[in-house]
Every structure is written in structure tokens, then in C-alpha cells.
Amino acid sequence: MSDSSQAPSLYSAREPIFPRRVSGKFRTLKWGIMAVTLGIYYLLPWIRWDRGPELPDQAVLLDLAGRRFYFFWIEIWPHEFYFVAGLLVMAGLGLFLFTSALGRVWCGYACPQTVWTDLFILVERWIEGDRNARLRLHRQKKWDLRKVRLRITKWISWLLIGLATGGAWVFYFADAPTLLQGLMTGTAHPAAYITLAILTFTTFFFGGIAREQICIYACPWPRIQAAMMDEDTLTVGYRDWRGEPRGKHRKAAEAETHGDCIDCMACVNVCPMGIDIREGQQMECITCALCIDACDDIMDKIGKPRGLIDYMALSDEAGERAGKPPRPVWTHVLRPRTIFYTLLWGGVGLGLVFALFIRADINMTVAPVRNPTYVTLSDGTIRNTYDVRLLNKHGEERLFALSVVGDPALQVALEGEAEATVTVPADSTILQRLYITAPADSVPAQAQNSALRIWVQDTRSGERAYRDTTFNGRGN
């Protein structure tokens, strides 16, 4: 069979994208967001926060070994995972809110893939030059000394960024100065080295090699966002009724039949996704608005009004085609859908803050020992056994006193303690065996089961907590 009769290939080789440098308000905004987000990510593990002599002094720490999450003055215990779940719900609602109002603004400005890709492109531009220089280097088939030097310098720089990224991540899970010393001396846990290697490679590959391919093929978010956008969503678009038909810039007398677009390709050359926004809305567009900066710069140079490419809503198109001015931005942002998302987001946030302030610094759990359900002592006294776990969230040890509320005949004793008091270390829990006894002729001893309430009290602050349980008797 001849080659001409074979089915065409469905695979299209990737064309590398080399965005051109651009300046403008949106590019400046992206630089600012990149500096803030990367600064927070890299520096946060090194901030110290004094919690007392027996607690870690790292401001943000995910202590998996100790099963704690420290965030400045906030400490999250395993049984308080609902705080983490609430934050995840808020993050989801925040994405819904921003997407319904401004399209893929998260992808264009704050997504980690976008932020690190921007950083890698910046380094690439510093080393190899702007778009035309990088294109020439890419198309150069011969690997001479200059090309080898530039590529190795770029790759080493990317690897160092990836190493810093992986290093910053592992510092969130252990004391940063101690872990850094361990990494440098080769004494850190193997998991730290494995995590560091994986994150170094993925950062290098995602930000330096794959780039836009991650957004187009690997990330599900572009497909999901389509269901959250409507005709009032502000997103980057091209005013074709003003720009078409395209034509090269000429004198006013010769340009009456042409639109404002001079087909300079500036919007395409600066796009990190390599798309042409003039072809309409596309899934690949991350609404980074760099094409707006590039087009506005060209419009200034040829004496045309800005806004040929701009943030716009589909609902304004008919009116603008008829010559009406675009509606104010707030009419698109403040509408029932976005207000509903805002109320939900704020409600979850207020609920978390309320739960944070009302949670107790001491707590307890009670588990009755069921085998046997009760023990009859030599004098006829009935004894029940309970496993009590006491929790002390304070940064210092506290003396806890246990008592029981129910029938006055019930008596409390702790295993190994002369009194019903026990010292609980700072920021920890202890498991204590508790005995409750009832005389043979008392009501709890003769009843099958009796309700009771076990109390624990911090002898220093007076703070109390309780759990309800039952006392098992003979059932006569």
C-alpha cells in the first residue's frame, strides 16, 4: 500500500511557545501577584512564633508525627479536621465566585502552574533573550558552544528553582532550620529526600518543559469552568465589530474601509498559551490579559482608542455593535449569582471563625470497658471501668480533676492515683483508666444501668468539660 493511501495521523507535534515580553497594567499585576505568592510560599516556613517552651516555634507547621497543624496562634487537632474541610469548601466557593464573575482569572494570575511558568519564562528570557532570540536559538539545528552554554545555564537555573520549590514544601512538615541542617549533612529522613527529588523534577518539567500542555490536557479545570460561566461573565475578548476587516496601518484617507486591527500579531506573540484571541473564546485561554496590554500598546502607537481587546461580557455585544457604551463593570460582578456565592463563602468563613473561638482548651472522651461490664468486689460493691482520654491544648502542663454527677453513692478513683486528679502534659493527650464504684445496697448497684455524667476540670483556670455515659449494675 502506498503512503498516500494511509490514514492521516491524528497526532500533531507540539509547537513550542516563546511569549514576547510585554508591559502594561495586567502584566504589572501578574508580576505583583507572582512576587507575593512566591514570597509567601518560600518564606512562610522560616517565620517563628513563640508558643511556649514545650511547643514548636514555627509559625506554620504540619506536624504529621505529632498529629497537629499549627498556623500562627491557631492549633488544629486531628478531631478538628472540620476546620480543614471548611477551608477547602471556602476555596471551592471562592473559585466558583471568581469564575462566574471574571472567568478563568484564577488560572491567569494565581494558579501555581501559571506562577511558576511565568517565573521559568522570565529566567529563560534573561538567559536567552526575548522572543525572536529564543526562536532563532530553537530553530538552530547545530549545537554550537553558545547554544550548549545557554541551554545548560537555563536548565541549571530551572533545577535550582525546582530544588527551592521542593525544599520549601518539605520545610512545612518539620522544623525548617533543623531539617535544612539535616538535608545538608545527609542525616534527614529518606522521605524528605524523595519528596524533594519528586517536586524538583515536577516543577522543572511542568514549568519549563510542559508549560501550557498542563493547562490544556492535564488540568480538568478548563472543562469544569465552562459550566460556571454565563453571558454576564467578564472575560477577555476581541471586539471584531471594531477591528474587522483587518488591514495594515495607513493614512486616515486610505483606511476608511479597514477596522482598527492592523494584524500585527502582537496579541498572539505575547500569549503564553499560543492562541489568537481574535478567533473567539477558546478553552485554552486563561484570561491572563497580556493580549490586552499588547493591543493597547499598539493602539496607542497608531492613534486608535484602547479596548480593541478587553475584558467584556457576551451580554454587552449586541449593545456595543449598535454603538452603545459597555455597561459598568459592577453590573457584571454584582448580580444574583455572584452575590449568592459571596453569601455562601462568607457564611462558611463566619462559621469557622465562630467554631474557632468557642472551642474548649480541654476535652475528654470516655469509653466504658465492656468485658466485663461490671465487677463485684468482695464486699458486694459494684465497680465499672472506663478508659478516659484527657486532652490539654494549653502550652503548659495542667492538673485535671475528675468527678461524677449522678447518684451520690457513686465514687471515683483513678488507676495509680491516690486522688481523682491527674497531670496532663502541655499540648498532649493521656489515656487514664477510671473506676466508678457503687455500694451493694445503692440504687446504681441494683439497677441494670444508670445515667451518669463524668466531668473534668482544669484546677488552674476552672474550665470544665463533660461526657455522658452509663453505670452498669446487677439489674436485680
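The values are calculated or read from the model by the stated rules, or taken from the named source; none is laboratory data. Computed from a predicted structure; not experimentally measured. For neighbour counting, all protein chains shown are included, and Cβ atoms are generated from backbone atoms with ideal geometry for every residue, glycine included.
Of everything in region 285-314 that is surrounded by fewer than 17 Cβ atoms within 10 Å (Cβ to Cβ) and touching an Asp or Glu at 6+ places or on another chain (Cβ under 7 Å), the residue that is nearest to Ala218 (Cα to Cα) is Leu314. Of the residues Val412, Val375, only one is surrounded by 16 or more Cβ atoms within 10 Å (Cβ to Cβ), closer than 26 Å to Phe471 by Cα and of a type in the set (Val, Ile, Thr); which? Going through Val412, Val375 in turn, just one is surrounded by 16 or more Cβ atoms within 10 Å (Cβ to Cβ), closer than 26 Å to Phe471 by Cα and of a type in the set (Val, Ile, Thr): Val412. Identify, from the list Arg321, Arg335, the residue that is more than 28 Å from the chain's Cα centre (by Cα) and not assigned by TED's automatic domain parsing to the domain that holds Ala91. One residue alone meets the criteria, Arg321. Restricting attention to region 372-396, the residues being at pLDDT 90 or above and charged (D, E, K, R) number 3.
State the number of residues belonging to region 464-473 that are over 12 Å from Asn363 (Cβ atoms) and either surrounded by 15 or more Cβ atoms within 10 Å (Cβ to Cβ) or not assigned by TED's automatic domain parsing to the domain that holds Pro368 (or both). Before you say what the answer is, go through the steps one by one.
First, the residues of region 464-473 that are over 12 Å from Asn363 (Cβ atoms): 468-473.
Applying the additional criterion that residues be either surrounded by 15 or more Cβ atoms within 10 Å (Cβ to Cβ) or not assigned by TED's automatic domain parsing to the domain that holds Pro368 (or both) yields 469-473.
Qualifying residue count, region 464-473: 5.
Every listed requirement among (1) closer than 23 Å to Phe26 by Cα; (2) in a helix (DSSP H, G or I); (3) not assigned by TED's automatic domain parsing to the domain that holds Ser100 is met by Trp241 save one, (1).
Might you check whether a residue that is free of Cβ contacts under 8 Å to residues at least 24 places away in the same chain, out of contact with any His (no Cβ under 7 Å at 6 or more places or on another chain) and not hydrophobic (A, V, I, L, M, F, W, C) occurs anywhere in region 418-425? Before the answer, list the steps.
If we filter region 418-425 for residues that are free of Cβ contacts under 8 Å to residues at least 24 places away in the same chain, which is where we start, we get 418-420.
Going one step further and asking which of them are out of contact with any His (no Cβ under 7 Å at 6 or more places or on another chain), we end up with 418-420.
Keeping just the survivors that are not hydrophobic (A, V, I, L, M, F, W, C) gives 419.
Scanning region 418-425 turns up at least one residue that is free of Cβ contacts under 8 Å to residues at least 24 places away in the same chain, out of contact with any His (no Cβ under 7 Å at 6 or more places or on another chain) and not hydrophobic (A, V, I, L, M, F, W, C).
Among the residues here, Arg134 qualifies as over 19 Å from Thr233 (Cβ atoms), out of contact with any Cys (no Cβ under 8 Å at 6 or more places or on another chain), of a type in the set (Lys, Arg) and buried (at least 19 other Cβ atoms within 10 Å of the Cβ).
Looking only at residues in region 170-209 that are over 24 Å from Pro112 (Cβ atoms) and among the β-branched types (Val, Ile, Thr), which one is surrounded by the most Cβ atoms within 10 Å (Cβ to Cβ)?
Taking region 170-209 first, the residues over 24 Å from Pro112 (Cβ atoms) are 175, 177-178, 181-182, 184-190.
Right, trim to among the β-branched types (Val, Ile, Thr) and you get 178, 185, 187.
Details: Thr178: 13, Thr185: 8, Thr187: 8.
Per the stated criteria, the residue is Thr178.
Whenever a residue of region 217-234 is over 13 Å from Phe98 (Cα atoms), its partners that are small (Gly, Ala, Ser) and assigned to a helix (DSSP H, G or I), lying with C-beta atoms within less than 7 angstrom and at least six residues away or across chains, give the pairs Glu231/Ser315.
Pairs are defined by a Cβ separation below 8 Å, a sequence spacing of at least 6 or placement on different chains, a first member in region 449-476 that is at positive phi, and a second member that is small (Gly, Ala, Ser) and not in a strand (DSSP E or B); the pairs so defined are Gly475/Ala447.
Only a single item in (1) surrounded by 13 or more Cβ atoms within 10 Å (Cβ to Cβ); (2) in contact with a helix residue (DSSP H, G or I) (Cβ under 7 Å, 6 or more places away or on another chain) is not met by Arg67, and it is number (1).
For Thr342, the conditions (1) over 18 Å from Phe81 (Cα atoms); (2) without any contact (Cβ under 8 Å) to a residue 24 or more places away in the chain are fulfilled apart from (2).
Return the only residue of Val329, Val270 being buried (at least 18 other Cβ atoms within 10 Å of the Cβ), in contact with a Leu (Cβ under 8 Å, 6 or more places away or on another chain) and farther than 30 Å from Ile436 by Cβ. Steps first, answer last, please.
On the way: Val329 fails: buried (at least 18 other Cβ atoms within 10 Å of the Cβ).
Residue meeting the stated conditions: Val270.
Given the condition in contact with a Lys or Arg (Cβ under 6 Å, 6 or more places away or on another chain), polar (S, T, N, Q) and closer than 30 Å to Ile214 by Cβ, answer yes or no: does some residue in region 93-103 qualify? Show your work before the answer.
As a first pass, look at region 93-103 and keep what is in contact with a Lys or Arg (Cβ under 6 Å, 6 or more places away or on another chain): 100.
When the remaining residues are screened for being polar (S, T, N, Q), the result is 100.
Then drop every residue that is not closer than 30 Å to Ile214 by Cβ, which leaves 100.
Yes: one or more hits.
Would you confirm whether any residue within region 43-62 is aromatic (Phe, Trp, Tyr), closer than 30 Å to Cys288 by Cα and touching a residue at least 24 places away in the same chain (Cβ under 8 Å)? Scanning region 43-62, I find no residue that is aromatic (Phe, Trp, Tyr), closer than 30 Å to Cys288 by Cα and touching a residue at least 24 places away in the same chain (Cβ under 8 Å), so the answer is no.
Of all residues being among the small types (Gly, Ala, Ser) and assigned to a loop (DSSP other than H, G, I, E, B) in region 272-302, which is modelled with the lowest pLDDT? Just the residue, please.
So the first thing to find is which residues in region 272-302 are among the small types (Gly, Ala, Ser), and the list is 274, 280, 289, 294.
Narrowing further to those that are assigned to a loop (DSSP other than H, G, I, E, B): 274, 280, 289.
Working: Gly274: 90, Gly280: 87, Ala289: 93.
My answer is Gly280.
This table checks each residue for (1) in contact with a Leu (Cβ under 6 Å, 6 or more places away or on another chain); (2) in a loop (DSSP other than H, G, I, E, B); (3) buried (at least 16 other Cβ atoms within 10 Å of the Cβ); (4) among the acidic types (Asp, Glu).
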| site | (1), (2), (3), (4) |
| --- | --- |
| Pro408 | no, yes, no, no |
| Ala418 | no, yes, no, no |
| Ile430 | yes, no, no, no |
| Ile436 | yes, no, yes, no |
| Ala440 | no, yes, no, no |
| Ala451 | no, no, no, no |
| Ile454 | no, no, yes, no |
| Gly462 | no, yes, no, no |
| Gly475 | no, yes, no, no |
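Between Asn371, Asn363, the distinction of being free of Cβ contacts under 8 Å to residues at least 12 places away in the same chain and polar (S, T, N, Q) belongs to Asn371 only.
For region 104-127, check the following and say yes or no: at least one residue is surrounded by fewer than 17 Cβ atoms within 10 Å (Cβ to Cβ), farther than 26 Å from Trp221 by Cβ and in contact with a Phe, Trp or Tyr (Cβ under 7 Å, 6 or more places away or on another chain). Checked region 104-127: no residue is surrounded by fewer than 17 Cβ atoms within 10 Å (Cβ to Cβ), farther than 26 Å from Trp221 by Cβ and in contact with a Phe, Trp or Tyr (Cβ under 7 Å, 6 or more places away or on another chain).
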